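The values are calculated or read from the model by the stated rules, or taken from the named source; none is laboratory data. For clarity, every value in this text was computed on a predicted model and none was experimentally measured. When we count neighbours, we look across all protein chains shown, and the Cβ atoms used for this are built from the backbone with ideal geometry, even at glycine. We work out accessible area using only protein heavy atoms, side chains counted, and drop any ligands, DNA or RNA first. Shrake-Rupley method; radii C 1.70, N 1.55, O 1.52, S 1.80 Å.
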Amino acid sequence: MNTKRKFLDNKRKGRSLQRQRALDVLFEADLKNLEKTEIENLLNQRQIISTAQKPIDTYGVSLVRTYLDWSEEVDSIIDAASPAWSLSRMSNVDRNLLRIGATELIYLEVDRPVIIKEITALARDFSNDKSVSFVMGVLNRIAEIRDLETSGKDDLDSFTTDLSVTESEITPAE
């Protein structure tokens, strides 16, 4: 484990640390191109043995499992919020940070400011400076799309069309 990683582990506690552990699991699963059942096995292993100092705990497990249960919907809303950047074009870290953030916003109903702060902090630590603004922009759009969907307004189609106008200003890490 490198020095920066040790520092980051000591810096985060509670749910912040569990988001980082969820990122570890999803990152590894994405890198290895694991299927859902294999990800579940990896998650079970990470609850006992971890390459990190502290194994993934209850909240991190809930986050990964909720994503797995709703992965198609989560990935679809990320695509809708980022029409100029498909998931396959995003870096592994950015893609999985957005999956964690979208899962918390949509299915775990964590407040938007909390998610933006937490996920951008992880992007700052594990990705690059361009990724921070990209992740923040996409998560804000996801929150706006969700707000429109839950409000029952018919403006969702025009809203997603308008996203492409400003999307070129946001560039993730490649």
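Restricting attention to segment 56-76, the residues being open to solvent by 40 Å² or more (accessible area, probe 1.4 Å) and not β-branched (Val, Ile, Thr) number 8.
Within segment 116-130, being surrounded by 21 or more Cβ atoms within 10 Å (Cβ to Cβ) and either farther than 20 Å from Lys11 by Cβ or free of Cβ contacts under 8 Å to residues at least 40 places away in the same chain (or both) holds for one residue alone: Ala123.
Checking each residue in segment 9-41 for being touching a residue at least 40 places away in the same chain (Cβ under 8 Å), polar (S, T, N, Q) and over 13 Å from Asp125 (Cα atoms) picks out only Gln18. Scanning segment 82-100 for residues that are more than 13 Å from Arg15 (Cβ to Cβ), open to solvent by less than 50 Å² (accessible area, probe 1.4 Å) and in a helix (DSSP H, G or I) returns Leu87, Asn92, Val93, Asp94, Arg95, Asn96, Leu97, Leu98, Arg99. Against the numbered list (1) over 22 Å from Lys130 (Cα atoms); (2) among the charged types (D, E, K, R); (3) open to solvent by 20 Å² or more (accessible area, probe 1.4 Å), Arg21 comes up short only at (3).
Check whether at least one residue in segment 131-139 is open to solvent by less than 10 Å² (accessible area, probe 1.4 Å) and outside any helix (DSSP H, G or I), and report yes or no. For segment 131-139, residues open to solvent by less than 10 Å² (accessible area, probe 1.4 Å) and outside any helix (DSSP H, G or I): absent.
Determine if segment 102-115 includes at least one residue that is touching a residue at least 12 places away in the same chain (Cβ under 8 Å), closer than 20 Å to Asp24 by Cβ, of a type in the set (D, E, K, R) and surrounded by 16 or more Cβ atoms within 10 Å (Cβ to Cβ). There is at least one residue in segment 102-115 that is touching a residue at least 12 places away in the same chain (Cβ under 8 Å), closer than 20 Å to Asp24 by Cβ, of a type in the set (D, E, K, R) and surrounded by 16 or more Cβ atoms within 10 Å (Cβ to Cβ).
Test Leu8 against the criterion of being open to solvent by less than 20 Å² (accessible area, probe 1.4 Å) and either out of contact with any Leu (no Cβ under 8 Å at 6 or more places or on another chain) or modelled with pLDDT of 95 or more (or both), and give yes or no. Criteria met by Leu8. Yes or no: Asn41 modelled with pLDDT under 90, in a helix (DSSP H, G or I) and either acidic (Asp, Glu) or farther than 20 Å from Ile116 by Cα (or both)? Answer is no for this residue.
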